[in-house]
Each structure stands twice: as C-alpha cells, then as structure tokens.
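> Quick one: structure below, then a few questions.
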Amino acid sequence: MKKDTCFFISDAHFGLPVSGGGKDRERHFYEFIDSVMGRMDTLVILGDFFDFWIEYSTVIRTDYFDILFKLRQLTQSGVKIHYLAGNHDFALGPFFKNKMNASVYLNTLQTEIQGKKIYMYHGDGLIRADVGYRILKKILRNPLNQKLYKMLIHPDIGIQFGTLCSHVSKKHNRTRYLSSEKIQEYRSCARKKLRDGRYDIVFYGHTHAAELTIFPEGIYCNTGAWLSKYTYATMCDGEVKLFEYQPGTGSVELEPNVLK
C-alpha cells in the first residue's frame, strides 16, 4: 500500500493520569497507529504529546518507554515525524533528533506539504489573555535555565517536580481553554494568518477543541486532543479531513464548518 497521507495529532498529554475517557489513550494510540501504518507517510505532532518532558542527557522516563518505542518503529518504517513543542513538552532536546530520527521545532513550522503552504503552531501564548504566560514562556524555554535545572536537580526529583507542576497547570486551565470566546479568538488568529496570503492552511492545537473550518481565504484545522476525544487530522492529495478515533470500531469523520 502506498504511503501517501500526512497525519496530525496533538495534546495527548501522555503521563497525565486521568479517569474515565482517556484513561486508555496510550493503548488506543498504539491500536490507531497500527491501523494506519500502511497509509502514513508523515506524522506531525502539534505539541503537548507528553504532559511533561525535560531531557536529561542520560535519563529517559521509564513510563514513556513504550510510547517512544512506537515512535521509533514509525521512523524505522520510513515515516517522517515532525514534533512541534507545546507548553507541556517545551524542553525538547537532541534526543528526538539523534535517537528517534525526528525533526523538532521549538516554535512554528512553515512548510509545504502536497502542494499546500502550511503554517503550524501549538498555539500557546497566542491570544490576548496569555500575556502572563508569554513572560513565563521566555523563562521556561531559556536554555540556561533549563541547563541549570538539570544540573542542580536530580532526575528523580526534577521529573517528579516538573510533572507535579504540569498537573497543577492542567487542572487550573482545563475550562479556560474550552470557552467559546477563546476558541473564537484562535479561529480569528488563524483567519488573520490566512488573509496575509502566504498560507493555504493553518494548524493549531492547544485548545483541546477539534475543528475544521473552511474560510474563503483558506483552511483552519485544530487537531483537538487525543487526551479525551482521540481526534486527529489527515491530509491526502492536499485535502484536509478531521476525524475522531473510536476504539474498536474505527474512525469517524467530523463535519467541517464553512464560513463566509
């Protein structure tokens, strides 16, 4: 089978313990990947794949082993992986490039896929309400600060502390990012990006609200969250589609919004 499809996924937050929907998201991710291996040419991870990631030079979290092994299988089979950092996996280092053969982007990715000009960004710090976060982001992503954190704090403590902070942040922000006002603001940001004429398609994650919106100027796709809804997007022959993976039955295509 010809590998001709690019897949987009975000916000799995692997490592975050949840109950109810999403509890088995890791197992369902493996099932999903196995089901599309024959078609997958490229996998784009639009951030927050892990709920907390900080990269010590000789230490990898043991509870991430199976997920990393699955990603390694993908690259060994010829699938290209592009990994954009999110606000929870911001401290990506050389591991994914050197050991996983993946391309890593700490901010945005602007590229051409299947003849379409695409702009991709996780989406953190994008809207007006994120002023405080944008300041914090500069501190957290500062290479010197990250180096000092890893030098001065033992991995067992550093990972545990970072994970705790990540969980607290997720609980605090859970409802804020799902408000209709915030979702509309992300949509407006995407449309503004499309209107400048340089891009045909804009991809964001971060909001945990999946949508495929077709504007006269181009297409905006938010991949939603594998954390709870198992949503993802595909692109084949230049056409973007949005899906919800339903374990045991397969994927259901979600209807796009067409706006004037």
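The values are calculated or read from the model by the stated rules, or taken from the named source; none is laboratory data. Just so we're clear, the structure is a prediction, and the values are computed from it rather than from any experiment. Backbone-built Cβ (ideal geometry, glycine too); neighbour counts: all protein chains shown.
> Within the stretch 61-78, which residues are farther than 21 Å from MET235 by Cα and surrounded by 15 or more Cβ atoms within 10 Å (Cβ to Cβ)?
Residues satisfying the conditions are ARG61, TYR64, ILE67, LEU68, ARG72.
> A further question follows. Tell me, which helices (runs of 4 or more DSSP H) wholly within the stretch 141-197 include 2 or more residues that are modelled with pLDDT under 60 and in contact with a Leu (Cβ under 8 Å, 6 or more places away or on another chain)?
155-173
> GLY38 is checked against (1) outside any loop (DSSP other than H, G, I, E, B); (2) over 18 Å from PHE90 (Cβ atoms); (3) in contact (Cβ under 8 Å) with a residue 24 or more places away in the chain and fails just one. What number does that condition carry?
It is condition (1) that GLY38 fails.
> Whether any residue in the stretch 226-244 is surrounded by 21 or more Cβ atoms within 10 Å (Cβ to Cβ), assigned to a loop (DSSP other than H, G, I, E, B) and at pLDDT 95 or above is what I want to check.
yes
> Turning to a different aspect of this structure: Hey, among LEU194, LEU259, which residue is surrounded by fewer than 16 Cβ atoms within 10 Å (Cβ to Cβ) and not hydroxyl-bearing (Ser, Thr, Tyr)? Walk me through how you get there before you give the answer.
Values: LEU194 fails: surrounded by fewer than 16 Cβ atoms within 10 Å (Cβ to Cβ).
Of the residues listed, the single one that is surrounded by fewer than 16 Cβ atoms within 10 Å (Cβ to Cβ) and not hydroxyl-bearing (Ser, Thr, Tyr) is LEU259.
> Same structure, new question: ASP41 - would you say it is closer than 18 Å to GLY205 by Cα, surrounded by 15 or more Cβ atoms within 10 Å (Cβ to Cβ) and among the charged types (D, E, K, R)?
So ASP41 does not fit the description; no.
> Test PHE32 against the criterion of being of a type in the set (Phe, Trp, Tyr), closer than 18 Å to GLY205 by Cα and out of contact with any Lys or Arg (no Cβ under 7 Å at 6 or more places or on another chain), and give yes or no. Talk me through it step by step, then tell me what you get.
Numbers: of a type in the set (Phe, Trp, Tyr): yes; closer than 18 Å to GLY205 by Cα: no; out of contact with any Lys or Arg (no Cβ under 7 Å at 6 or more places or on another chain): yes.
So PHE32 does not fit the description; no.
> Moving on to the next point. Which of the residues spanning the stretch 54-91 are of a type in the set (Val, Ile, Thr), assigned to a loop (DSSP other than H, G, I, E, B) and within 18 Å of the chain's Cα centre (by Cα)? Please lay out each step first, then the result.
Step one: filter the stretch 54-91 for residues of a type in the set (Val, Ile, Thr), giving 54, 58-60, 62, 67, 75, 79, 81.
Now narrow it down to the ones that are assigned to a loop (DSSP other than H, G, I, E, B): 58-60, 79.
Listed by number, the list holds a single entry, VAL79.
> Can you name the number of the only condition in (1) surrounded by 12 or more Cβ atoms within 10 Å (Cβ to Cβ); (2) modelled with pLDDT under 95; (3) within 22 Å of ASP41 (Cβ to Cβ) that GLY250 fails?
Among (1) surrounded by 12 or more Cβ atoms within 10 Å (Cβ to Cβ); (2) modelled with pLDDT under 95; (3) within 22 Å of ASP41 (Cβ to Cβ), GLY250 violates only (1).
> Going by what's in this entry, would GLY47 be described as in contact (Cβ under 8 Å) with a residue 12 or more places away in the chain and at positive phi? Spell out how you get there, then give the answer.
Numbers: in contact (Cβ under 8 Å) with a residue 12 or more places away in the chain: yes; at positive phi: yes.
Against the criterion (in contact (Cβ under 8 Å) with a residue 12 or more places away in the chain and at positive phi), GLY47 qualifies.
> Moving on. Hey, does the stretch 19-29 have a residue that's closer than 20 Å to THR234 by Cβ and free of Cβ contacts under 8 Å to residues at least 60 places away in the same chain?
No, the conditions are met nowhere in the stretch 19-29.
> Considering only residues that are modelled with pLDDT under 95 and over 17 Å from the mean Cα position of the chain (by Cα), look in the stretch 22-33 and name the one that is nearest to THR75 (Cα to Cα).
ARG27
> Tell me whether the stretch 106-125 contains one or more residues that are at pLDDT 85 or above, basic (Lys, Arg) and not in a helix (DSSP H, G or I).
Checking the stretch 106-125: at least one residue is at pLDDT 85 or above, basic (Lys, Arg) and not in a helix (DSSP H, G or I).
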